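Below is one structure, written out as structure tokens; comments come after it.
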Amino acid sequence: KDAPWDVHRGQSDDVGGIYASAADFERYAARMADCGGVLRFGWVTTPETGETALRLREAHFCRVRHCPVCQWRRSLMWQARFYQSLPKIVQEHPKARWLFLTVTVRNCAIGDLADTLTAMNAGWKRLIERREFRP
């Protein structure tokens, strides 16, 4: 079960190496080198099923914005929050339709970044102001 940890930890080492090559970000590289290095597990019994399993009790993470380990754990947290709130959302809006949207743009030159972000924000605003998105 530790294969995902190994993958993300390896990616974290790669990103940390990139940070280490820039003098301004060496501190991030040092934090990422120690990320997830200490993991303490404990036995936890699930009240509903009575099942006992090992769970992560204590860990030290770097919380660097681009750390693959920290981002992976953050995505798991948001996924769990969504799944916990889903029944309430369905109950409050039984006739609502679901939409899964992925919005992407091609990578732009750094000089065009401000214009690209402005265009993206304008496009998003046009989308949410459509009649279909009104309550």
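The values are calculated or read from the model by the stated rules, or taken from the named source; none is laboratory data. All figures in this text were calculated on a predicted structure; none of them were measured in a lab. Counting neighbours? That spans all protein chains shown, and the Cβs are built from the backbone with ideal geometry, glycine included. Surface areas here come from the heavy atoms of the whole protein model, side chains and all, with no ligands, DNA or RNA. Shrake-Rupley method; radii C 1.70, N 1.55, O 1.52, S 1.80 Å.
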Given GluC sites (Glu not before Pro), DSSP loops and at most 10 other Cβ atoms within 10 Å, the longest exposed-site-free stretch of the chain is 52-128
Once F41, F82, F61, F100 are ranked on solvent-accessible area with the largest value leading and a 1.4 Å probe, the list reads F100, F41, F82, F61
With label points set 7 Å from each Cα along the Cα-to-Cβ direction at A20 and H66, the distance between them in nm comes to 1.6
As straight-line cross-link partners of K125, the qualifying lysines (C-alpha separation under 25 Å, not fewer than 8 residues apart within one chain) are K95
For the range 3-94, the accessible surface attributable to carbon and sulfur atoms (probe 1.4 angstrom, ligands and nucleic acids excluded) amounts in percent to 55
About its Cα centre, the chain carries a charge dipole, from +1 on Lys and Arg Cβ atoms and -1 on Asp and Glu Cβ atoms, whose size in debye to the nearest 20 is 680
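V69: net charge of surrounding residues, Cβ under 14 Å, Lys/Arg +1, Asp/Glu -1, itself excluded? Walk me through the intermediate numbers first.
Numbers: positive: R9, R31, R63, R65, R73, R74; negative: D2, D6, D13, D14, D34.
Once all neighbours under 14 Å are counted, the net charge is +1.
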Each label sits 7 Å from Cα toward the beta-carbon; between A33 and L54 the label points are separated, in nm, by 2.7
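Tell me the mean residue ellipticity at 222 nm calculated for the chain from its helices only (DSSP H runs of n ≥ 4, each -39500 (n - 2.57), averaged over every residue, nearest 500).
Working: 4 runs with 68 residues, N = 135.
One gets -17000 deg cm²/dmol as the mean residue ellipticity at 222 nm.
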Protection proxy (average C-beta count within 10 Å per residue), highest first, orders 106-114, 73-81, 14-22 as 14-22, 73-81, 106-114
Cβ-Cβ cut-off under 15 Å around D2, Lys and Arg +1, Asp and Glu -1: the net charge is +4
Per residue, accessible area of the range 3-94 with a 1.4 Å probe, heavy atoms of protein chains only, in Å², comes to 76
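For the chain, what's the relative contact order in percent, using C-alpha pairs closer than 8 Å and at least 6 residues apart?
Details: 95 pairs, mean separation 22.1, N = 135.
For the chain, the relative contact order is 16 percent.
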So the pair-distance distribution of the chain, from every Cα-Cα distance in 5 Å bins, comes to percents of 2, 8, 10, 12, 13, 15, 13, 12, 9, 6, 2, 0
